[in-house]
Amino acid sequence: MDIEKIISEELIAFLPVYLAMKGNCTLILTGGGGKYEIEKTVRTVLNQISKFYLIDLNATKKYYGDLLNIRNLTPIPFNRDNIFVPIKVRKPLLKNDGSFGYVNISYIKKTFSAKGKTIIQLNEGNNIESLSSVDTVNKHIKNGYIVKKLYREKENTINVNEKNLYLEYDKPATKRDIALLINEILKIKENIR
């Protein structure tokens, strides 16, 4: 699986599926109608996407889970524009088979109930059926938008702090700054001997 190529096509969703003669696999939907059947579990695909975006999946889930006061089914922000929410899409046949896939909130057009099933309509024209109620799906989507807002606020805070740091470099050094530097140089010199 060339994860970089798939991500470059705009990742919309990755869902667990059972494929004949292959077993537990993942269906990836991308922008422009791309569909990829990957012979790996959703968990493996999720870990590969996390590595691509250089995020620590466990730390991310814990951080946003604590902020939302939820333990499981935490939305995952890969970056400011790609926030994925967990959606229950099947009943697992075996113990370690996952039942949840992940959908990018930016591509969700609407959710509704039809014939006793919850349908997530995507901007690209695809529909995803969920085993959860419409209220539960909408709660996950709402949590996704909260994470998106928190992610952007955190990102902006980091940017503001960096700008403040650079503004400090443009100021002239004071006698105190020079004295501190001399002290540090002397300490380093003593440690070298």
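The values are calculated or read from the model by the stated rules, or taken from the named source; none is laboratory data. Since this is a predicted model, take the numbers as computed values, not measurements. Note that we place each Cβ from the backbone using ideal geometry, even for glycine, and neighbour counts take in every protein chain shown.
Numerical summary
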{"item": "Arg90 assigned to a loop (DSSP other than H, G, I, E, B), within 21 Å of Asp135 (Cα to Cα) and either hydrophobic (A, V, I, L, M, F, W, C) or in contact with a helix residue (DSSP H, G or I) (Cβ under 9 Å, 6 or more places away or on another chain) (or both)", "result": "no"}
{"item": "Residue list for region 93-123, filter: more than 21 Å from Thr30 (Cβ to Cβ) and outside any strand (DSSP E or B)", "result": "Leu93, Leu94, Lys95, Asn96, Asp97, Ser99, Lys115, Gly116"}
{"item": "Residues of region 65-92 that turn out to be closer than 19 Å to Ile7 by Cβ and among the hydroxyl-bearing types (Ser, Thr, Tyr), as a count", "result": "0"}
{"item": "Any chance Lys51 is over 17 Å from Tyr145 (Cβ atoms), modelled with pLDDT of 90 or more and out of contact with any strand residue (DSSP E or B) (no Cβ under 8 Å at 6 or more places or on another chain)", "result": "yes"}
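This table checks each residue for (1) surrounded by 10 or more Cβ atoms within 10 Å (Cβ to Cβ); (2) farther than 16 Å from Phe84 by Cα; (3) at pLDDT 85 or above.
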| residue | (1), (2), (3) |
| --- | --- |
| Gln121 | yes, no, yes |
| Ser130 | yes, no, yes |
| Gly144 | yes, no, yes |
| Val147 | yes, no, yes |
| Glu155 | yes, yes, no |
| Leu167 | no, yes, no |
| Pro172 | no, yes, no |
| Lys175 | no, yes, no |
| Leu181 | yes, yes, no |
